[in-house]
Every structure is written in structure tokens, then in C-alpha cells.
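Q: One structure follows; several queries about it will come next.
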Amino acid sequence: MDGGKKNTDDFKHIGNILGDVLGAFRKDPGLELTGIFSLWDEVVGAAVAKIASPAGFKGKILLVNVVSSVWIQELQYHRKEIIRKLNEALGKELVCDIKFRIGSV
């Protein structure tokens, strides 16, 4: 009698399986979105680049740090144009919105 022992060679660690499964069903837009960091200055221009910089992403929402609330207000008026220019530069519609917040630039 083998005592109910199973051959552990057939088992795989769950961490190895999950990475493969998630990779097969989920494309990572974050890899393409990281291009924004290198395109930012060119897309928004030198003046805006001095007072605002991309900080990260939340899905397809770009989070942008801005030096003051006055500049946040000004950039809100240009939000759609910035989104259009970024998507154009990236060659795809990857950014659907921008959230401006006070932070280090």
C-alpha cells in the first residue's frame, strides 16, 4: 500500500501558473503608457513641462503633478488638447483622462 502519497513532481506552484494565465488574458497597457514620460516635454511644450509632469497611471487615467492650484485650473482648460496630443504621439488612444494634482515636478 502506498499510503495515499501523490507524486509531487506533477504539482506546480500557483505563482507560476497565475502569471501565465493573467498574461494570456490581460494585455498590459502600462508598458505602452510609459512612453508618456519620454514624450511629455515635447507634447506639452517647455513652459508646461516646467510646472507639470506625469506622475503615474490609474488605468487609462494619467496622473499629473502640478506646482500649484492656479496652474491646475489653467491646465484643466487644456486637458482635452493634451490628451489628444499624447494619444497622437503614442499612436493609440491610451489616455482617456488626466487628473491634475499638486505635487513635486
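Q: Counting Lys +1, Arg +1, Asp -1, Glu -1, what net charge surrounds His78 among other residues with beta carbon under 13 Å of its beta carbon?
A: It works out to a net charge of +2.
Q: Return, for the Cα atoms of the stretch 28-102, the radius of gyration and Dmax in Å, separated by a comma.
A: 11.2, 34
Q: Give me the one-decimal nm value for the distance between modelled label points at Val105 and Glu93, 7 Å along each residue's Cα-to-Cβ direction.
A: 3.0
Q: Just want the answer: with Cβ charges of +1 for Lys and Arg and -1 for Asp and Glu, which residue in Gly35, Phe57, Leu94 is farthest toward the dipole's positive end in the stretch 28-102?
A: Phe57
Every read-out reported here was derived from the displayed coordinates using simple, explicitly stated rules and does not represent laboratory data. Keep in mind that what you see is a predicted model, and the values were worked out from it rather than measured. Cβ: placed from backbone, ideal geometry, glycine included. Neighbour counts: every protein chain shown.
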